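All remarks here apply to the structure that follows.
Every number here is computed from the coordinates shown, using simple stated rules; none is lab data. From a predicted model like this one, the values you see are computed outputs, not experimental measurements. Cβ coordinates were reconstructed from backbone atoms using ideal geometry, including for glycine residues, and neighbour counts include every protein chain displayed.
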Amino acid sequence: MLSVEEAVARVMAQVTTGATERVFLADALGRVLRETVVAPGPVPRFANSAMDGYALRATEVPGTLEVLETIAAGGVATRIVGPGQASRIMTGAPVPEGADAVVMVEDTRVEGDRVVVATHARVGQHVRPLGADVREGEAVLQPGTILSPGAIGLLATLGCPSVRVAARPRVAILSTGDEVVEPGFALGPGQIHSSNTHSLTAQVRAAGGLPVDLGTVRDDPRAIAEAFAAAASVGDLVVSTGGVSVGDFDHVKGAIGSGMDFWKVAMKPGKPLAYGRVGGKPCFGLPGNPVSCMVNFYQFVRPVLRAMTGDPHPFLPVVDAHLSRPVKRAPGRVEFLRVALSRHDGQLLATPVGGHQGSGNVRSMAEAHGFALLDADGTVIEGHVPVQVFDWSFEAASSPGYRWGSGAPEVGEAGCC
C-alpha cells in the first residue's frame, strides 16, 4: 500500500501540460496564462494630469497667470504654456508643452481670464509621467499567472483584446452502482441519491476543469469497461466514483485492467483509490463513500488538473492552526480530519466538525474549511497541526471589516467610500 506522498508523486510525474487557446478578456477571469505578455507601448502613453486643475510652470507660483485654454481628457493642447501662463486641464488630459506641474483647482481662484494660484508647486506635481506604470517592452505578466480582475484590467490597458491561456481540461465523470438515483427522483428500497457526481462536478469546475457528466453505470463488469472506454474518448481525464473496493460488485479495477498503476493508499478516509490509464488517458477510480471521494479528489485529482493548466502551484495551501480539543485516533494511516477554521485572539483555531468523522458523513464536508493533516503515528493529537485549506470563507467571517476613523460603519451605511 502506497503512502500519500508516494501516490501523489506517481500521479504528478505523469502529468502533461494540456492545450492552449486564445480567449477574449471577458472570458479570461481565473484562467491560467500560457504566454508572456510584453507591453507594446508605455503606460501612460503620454504625460497626463492626475487632477482637475491648471497646468503651469512650477517656478511661477504663487502668482496670477493668464489662462490660455481648457484641455479635456481625450483632447490635446493647442498652445504652449509660456511664462505667466497656465492652461485649465482635466484629469487624464495630456500635459501641454511648457508646463511642468499641475495645481489642483481647489487651490486656485478665477478672476476673468486669469487664475490666481496661492500655493507653491514643485516640478512634476500631479503629473503622471510617460511610462511611469509600465515601460515599453516590459514583460508584465508571466506564464502560470492566474488572471485576476487586476491582471485583466492591465491587459485591457495595454490594448490586448484577447490572451492565450490553458484550455480547460475535460473531465469525464462516471458514477457506478445499482443503488444510485439522481436527486429529484423517488428512492426505492436500498437506494440512495447520487451525491458524488454533483460534488465532483463542482470540484472540477472549482479546479478550472470542464466536467462531462456521463451518468451512472450499473454494476456490471462489461458495462463499466465500455463506459470507461467511452469516457476516455471524450475526456482528457477520467474520474469514476464507487466500485473500487473489494466487494463482489466492485468492477472498476477490472475496467482499468492492465493500465492500473496502483490501488490503495495508506490514508483515512479514502484508502481504496485506483489510478491508471485507460485509452491513454489518466484515470482515477475514487471510492463511493462521499467524504472519501471528495478527499481523494483534493489530494490527487485537483493537483493533476491544476498542473495540466500550467499552474505552478497546483496544491492546496497549508496553514498552521491550533486544535480546539485533543483528537484520539487509531495509528497506522495518515488522516484527513475535517475542521472548521476561525480566528480567536489572533490565533487560527481548527475545530473538528460533523460529529463523528465517518467516510459517509457528507455533512462534515459542508461544514469544513479544510483538513487537519494527522500523521500516521500519533494516537492523541493536540496543539498545533498543519491544515490544508480548500475554503477561505472563514477569513471573511473572522474579519471585523473596514473601520474608518473611530469605529465601524453603522448597519446600512457604506463600508467604504
Exercise. Which ordering of 57, 109 is given by a fewest-first count of other beta-carbon atoms within 10 Å?
Worked result: 109, 57
Problem set entry | Candidate lysines - alpha carbon under 17 Å from residue 253, same-chain residues fewer than 8 apart omitted | 264, 271, 281
Exercise. Which of the lysines could a cross-linker span from residue 328 if the Cα-Cα distance has to be under 17 Å and same-chain partners fewer than 8 positions apart are dropped?
Worked result: 268
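Relative contact order of region 318-398: what whole-number percent is it, with Cα pairs under 8 angstrom and at least 6 residues apart?
Across region 318-398, relative contact order equals 42 percent.
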Exercise. Does region 114-234 come out rounded, prolate or oblate, given a ≥ b ≥ c as the square roots of the eigenvalues of its C-alpha gyration tensor, rounded meaning a/c under 1.5 and, failing that, prolate meaning a/b above b/c?
Worked result: prolate
Exercise. What value, in deg cm²/dmol to 500, does the helix sum -39500 (n - 2.57) over DSSP H runs of n ≥ 4 give at 222 nm once divided by the residues of the chain?
Worked result: -5000 deg cm²/dmol
Problem set entry | Highest-MSF residue in the chain out of 218, 31, 338 [GNM, Cα springs under 10 Å] | 218
For this session: Quick one: check the C-alpha center-to-center distance for region 41-83 versus region 218-288, whole angstrom.
Result: 70 Å
Problem set entry | On Cα atoms only, tilt of 221-234 relative to the major axis of the chain in degrees | 20 degrees
Problem set entry | Net charge dipole size for region 48-128 [Lys, Arg +1 and Asp, Glu -1 on Cβ; Debye, nearest 20] | 140 debye
Exercise. Does anyone have the angle between helix 196-206 and the longest principal axis of the chain? Alpha-carbon axes, 0 to 90°, nearest 10?
Worked result: 30 degrees
Exercise. Taking only Cα atoms, what is the 0 to 90° angle, nearest 10, from helix 4-13's long axis to the longest principal axis of the chain?
Worked result: 70 degrees
Seminar exercise, completed: Given unit charges at Cβ for Lys, Arg (+) and Asp, Glu (-), the dipole magnitude of the chain about its Cα centre in debye, nearest 20, is 780 debye
Problem set entry | Contact order normalised by residue count of region 41-188, Cα under 8 Å, 6+ apart, percent | 28 percent
For this session: Rank 206, 378, 108 by how far each Cα sits towards the positive end of the charge dipole of the chain (+1 on Lys, Arg Cβ; -1 on Asp, Glu Cβ) and give me just the farthest.
Result: 378
Seminar exercise, completed: Relative contact order in percent for the chain (Cα pairs under 8 Å, 6+ apart) equals 14 percent
Exercise. Which value in nm describes the separation of the simple spin-label points at residue 73 and residue 315, placed 7 Å from the Cα toward the beta carbon?
Worked result: 4.6 nm
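If you take the square roots of the eigenvalues of the alpha-carbon gyration tensor of region 1-90 and sort them as a ≥ b ≥ c, do you get rounded (a/c under 1.5), prolate (a/b over b/c) or oblate?
Prolate, because a/c is 1.5 or more and a/b exceeds b/c.
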For this session: Of the DSSP beta bridges with both residues in the chain, give the percent that are antiparallel, rounding to the nearest 5.
Result: 70 percent
Problem set entry | Rough spin-label spacing in nm, given labels placed 7 Å along Cα→Cβ, for residue 373 and residue 3 | 1.2 nm
Exercise. Ranking 313, 198 by Cβ neighbours within 10 Å, fewest first, what do you get?
Worked result: 313, 198
Exercise. Quick one: of the DSSP bridges fully inside region 111-227, what percent are antiparallel, nearest 5?
Worked result: 10 percent
For this session: For a footprinting-style exposure proxy, rank 65, 214 by other Cβ within 10 Å, fewest first.
Result: 214, 65
Problem set entry | Rg and Dmax [Cα atoms of the chain; Å; Rg one decimal, Dmax integer] | 30.4, 96
